[in-house]
Each structure stands twice: as C-alpha cells, then as structure tokens.
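The values are calculated or read from the model by the stated rules, or taken from the named source; none is laboratory data. Quick caveat: nothing in here was measured; it's all calculated off a predicted structure. Here the Cβ positions follow ideal geometry from the backbone for every residue, glycine too, while neighbour counts run over all protein chains shown. When the accessible area is computed, the model is the full protein with side chains, heavy atoms only, and any ligands, DNA or RNA have been set aside. Shrake-Rupley method; radii C 1.70, N 1.55, O 1.52, S 1.80 Å.
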Amino acid sequence: MAMIDIYSWPHEISLLVFGGPILLAIISLAFSLYLSRRHLDAMLEALKGSRYIAVWAAGLESLGWFGRFMLTAKVSGMVTWPGPGIRAGELDSDEIRNFPAHLQRLLTAKNVLNGIILAWGAVAFVLLKLQ
C-alpha cells in the first residue's frame, strides 16, 4: 500500500486540509448561536402546534443559552427531515409545509455546513491514518 507523506506537503496546504474542519466547526457553532439568539422564537412560533417541539421547548428554554442552542438543533433536525416526526404524530404537517422559507434556508445552510465539516474531517482523518 502506498503511503502518503503529508510531511512533505507545503505548510499552507497541510494547514488548510487539517485545520479547515476545525475552523468550519467554530463557524458552525457561531452560526448556531446566532440562530438560537435571533431566530429561535420565530421558529417556535411557526411550530407552536407541534407536540414534539412544544415538549422540548418547555424543558430546554429554561436552561439559558445552552438550552436555546440545543432547541435550535432539535428544530433544525425536525424541520429538515420531518417525515418520521409527521408519521409519529409529533409534528403538524401543515406547520412544516407553511414554515417560513427564510428560516428553512437558514436551517438548510446550517445542515449543509455540518455535512461539509463531517466529510472534510473524514477525508483529513483518512489522510492521517494513511500516513
């Protein structure tokens, strides 16, 4: 099996390949904090008839910034992939269908960013293991 000598790479390339996922993870955390501070109330208002969201909101909102951060992640997952929640009766399909488009785009951007971080981090990990 051919080995990859990452020590022979230019430092800038090594920094980009192995530091990129870390930088994107920090950006993702900052974006999630922004969503939880600026848009979470509008998201909860749009989903007020969904039992799943109401139950989690009651428990997590009282936990301060961390609870709002986690609630944003819950809403993001449920709005982006609503099928299981709708089939289980936890989400209202009309609310998901009428969810504000600008909030949907923000949540989709968050999920795409997290997917890029995961894929890029996996590639960096494999490159390190091949070393």
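Assorted remarks:
- Residues that are of a type in the set (Val, Ile, Thr) and either open to solvent by less than 30 Å² (accessible area, probe 1.4 Å) or farther than 24 Å from Gly115 by Cα (or both) number at least 3 in the following helices (runs of 4 or more DSSP H) confined to region 34-101: 64-80.
- First in region 114-131 and of a type in the set (Val, Ile, Thr), second anywhere and open to solvent by less than 80 Å² (accessible area, probe 1.4 Å), Cβ under 8 Å, 6 or more apart: Ile116/Leu24; Ile117/Pro21; Ile117/Leu24; Ile117/Ala25; Ile117/Ser28; Val123/Val17
- Members of region 107-131 that are of a type outside the set (S, T, N, Q), touching a helix residue (DSSP H, G or I) at 6+ places or on another chain (Cβ under 9 Å) and at pLDDT below 90: Leu127, Leu128, Leu130
- Any hit, region 103-126, residues being assigned to a helix (DSSP H, G or I), among the aromatic types (Phe, Trp, Tyr), on the phi < 0 side of the Ramachandran plot and open to solvent by 40 Å² or more (accessible area, probe 1.4 Å): yes
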